[in-house]
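Taken together, the values in this text are just the output of simple stated rules run on the coordinates, not laboratory data. Just so it is clear, the structure is predicted and the values come from calculations on it, not from any experiment. Cβ atoms come from the backbone with ideal geometry, glycine included; neighbour counts cover every protein chain shown.
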Amino acid sequence: MEILEKDEYYMDLALKEAKIAAELGEVPIGALLVKDDKIIAKAYNLREAEQRSIAHAELLAIDSACKETGAWRLEGTTLYVTLEPCAMCAGAIVLSRVNRVVYGAADPKGGCAGTLMNLLREDRFNHQCEVVAGVKEEECREILSSFFRNLRDLKRKEKEDRKSEL
């Protein structure tokens, strides 16, 4: 699928959400839902803060959009997310009838929008989504890489500090 100029614009906004997550110590993933060129929901990961396995950016954005629209069907919407959706999020996307998913970085360990499998295009489901991959891919990948690099460095330093205390 073709990457549109507005896809890059909205992905920049999803990246802003991811940066908020990073500042909170969360895995930096941001998401937003757009309908008729209007943002109806935005979110970022909150798994660590809320200690809830389902507090993924996509699920939080979908939940917020349902509340905003007063409907569980999110037809006519596009979900922008900085990392390829996992199986849980892909299931929620299909069940909420999102029409289009645009993501930045592929997830080689859990991506279910084309990398490991493509639940969003599975024709056995009664709904499929258009998928656009790789929008602002480098920026999306870098924010994740930087976050995990810093986390590893911090853990290594803590380990060294503990050893020096002994």
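Please work out whether the range 1-142 counts as rounded, prolate or oblate from its C-alpha gyration tensor, where a ≥ b ≥ c are the square roots of the eigenvalues and a/c under 1.5 means rounded, while otherwise a/b larger than b/c means prolate and anything else oblate? Here the range 1-142 falls in the rounded category. The number of Lys pairs in the chain with C-alpha atoms less than 17 Å apart, excluding pairs fewer than 8 positions apart on the same chain, is 14. When the Cα centres of the range 51-105 and the range 114-152 are compared, how far apart do they sit, in Å? First find each Cα centre; the distance between them is then 13 Å.
Could you give the nm distance between label points at Arg47 and Lys109, where each point is 7 Å from its Cα heading toward the beta carbon? About 0.9 nm, to one decimal.
Toward the positive end of the charge dipole of the chain, with +1 on the Cβ of Lys and Arg and -1 on the Cβ of Asp and Glu, the farthest Cα among Leu46, Ala106, Asn118 is that of Leu46.
Projecting label points 7 angstrom from Cα along Cα→Cβ for Arg149 and Lys16 puts them 2.6 nm apart.
Sites count as exposed loop sites when they are trypsin sites (Lys or Arg not before Pro), lie in a DSSP loop, and have at most 16 other Cβ atoms within 10 angstrom; the longest stretch of the chain without one is 1-51. Is the range 1-80 best put as rounded, prolate or oblate by its Cα gyration tensor, with a ≥ b ≥ c the root eigenvalues, rounded for a/c under 1.5, and otherwise prolate when a/b is larger than b/c, oblate when not? The shape class here is oblate.
Projecting label points 7 angstrom from Cα along Cα→Cβ for Asp161 and Arg121 puts them 4.7 nm apart. When exposed loop sites are taken as chymotrypsin sites (Phe, Trp or Tyr not before Pro) in a DSSP loop with at most 14 other Cβ atoms within 10 Å, the longest stretch of the chain clear of them is 1-71. Annotation: amide H of Thr77 within the under-5 Å range of Asn99, Arg100, sequence separation 5 or more or interchain, hydrogens built in the peptide plane.
For the range 34-98, what does the alpha-carbon gyration tensor say about shape, rounded, prolate or oblate, given a ≥ b ≥ c as the root eigenvalues, a/c under 1.5 as rounded, and a/b over b/c as prolate? Prolate, since a/c reaches 1.5 and a/b exceeds b/c.
Simple point charges give the picture: +1 on the Cβ of Lys and Arg, -1 on the Cβ of Asp and Glu, and for the chain a dipole about the Cα centre of about 540 debye.
Taking every alpha-carbon pair under 8 Å whose residues sit at least 6 apart, the chain reaches a relative contact order of 19 percent. So for the chain: antiparallel DSSP bridges make up what percent, rounded to the nearest 5? Here the share of antiparallel DSSP bridges comes out near 55 percent.
Counted as membrane-span-like here are DSSP H helices of the chain whose alpha-carbon atoms extend 24 Å or more along the helix's own axis and whose Kyte-Doolittle mean is -1.0 or above; these are 5-23.
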